[in-house]
Structure formats: C-alpha cells, structure tokens
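Here the structure comes first, spelled out in structure tokens, and everything after it is commentary.
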Amino acid sequence: MDWKKELRNAVKEKKAVLGIDKTVKLLKKGQGKLLILASNCPKTEEIKYYSELTNIQTIEFEGDSIELGALAKKPFRVSVILIE
C-alpha cells in the first residue's frame, strides 16, 4: 500500500500520532507500525534508534515539517508521524 494513502486513512481514523514526545514514548513501548520523519526533524537519530529496536518501518520524508503537516491535512508543522 502507498504510505501516503495509509497516512491519510490513519489521520481520518485518528490512528496517527503527531509529535516527537508522544512518538518516542510509544516507540519505547514497541507500539506503532509505520513511522514518517520530516527532513528537518530535530531528534532524528533518537527516533530512528527506537524504531530500529522495535523493527518499525521508517520512512524519511524528503519534504520539511510544513509539507508533512500539509500532507496530514494539519494547519501546523509536523516533524514526525507514527501510525498505530
């Protein structure tokens, strides 16, 4: 499945977690199935580390946080999205 389509569905169904702090907490618990990082995410290395430990698929979005927010249909910047 196309990850952009999966992202739109997750946002509609409220199964997408936005934000670094919430994402890191869920990754430490091993929750989530897809992780999307903006190119300008400030804690990229920490988030990638936890996603590798839990074997969660990680996609590095080539756009910045403004573009990722627009893709998720949010009127604000989004650095990271975790789909549950």
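Structural remarks
- Within segment 32-59, the set of residues being of a type outside the set (A, V, I, L, M, F, W, C) and under 15 Å from GLU6 (Cα atoms) comprises GLY32, LYS33, GLN57, THR58.
- Within segment 54-84, tally of residues that are in a helix (DSSP H, G or I) and either touching a residue at least 12 places away in the same chain (Cβ under 8 Å) or touching a Pro at 6+ places or on another chain (Cβ under 7 Å) (or both): 4
- Tally of residues being assigned to a helix (DSSP H, G or I) and either surrounded by 14 or more Cβ atoms within 10 Å (Cβ to Cβ) or hydrophobic (A, V, I, L, M, F, W, C) (or both) across segment 20-45: 7
Read-outs throughout are calculated quantities, based only on the coordinates presented, and are distinct from any laboratory measurement. Please read all numbers here as calculations on a predicted model, not as lab measurements. Heads up, the Cβs are rebuilt from the backbone with ideal geometry, glycines too, and the neighbour counts pull from every protein chain shown.
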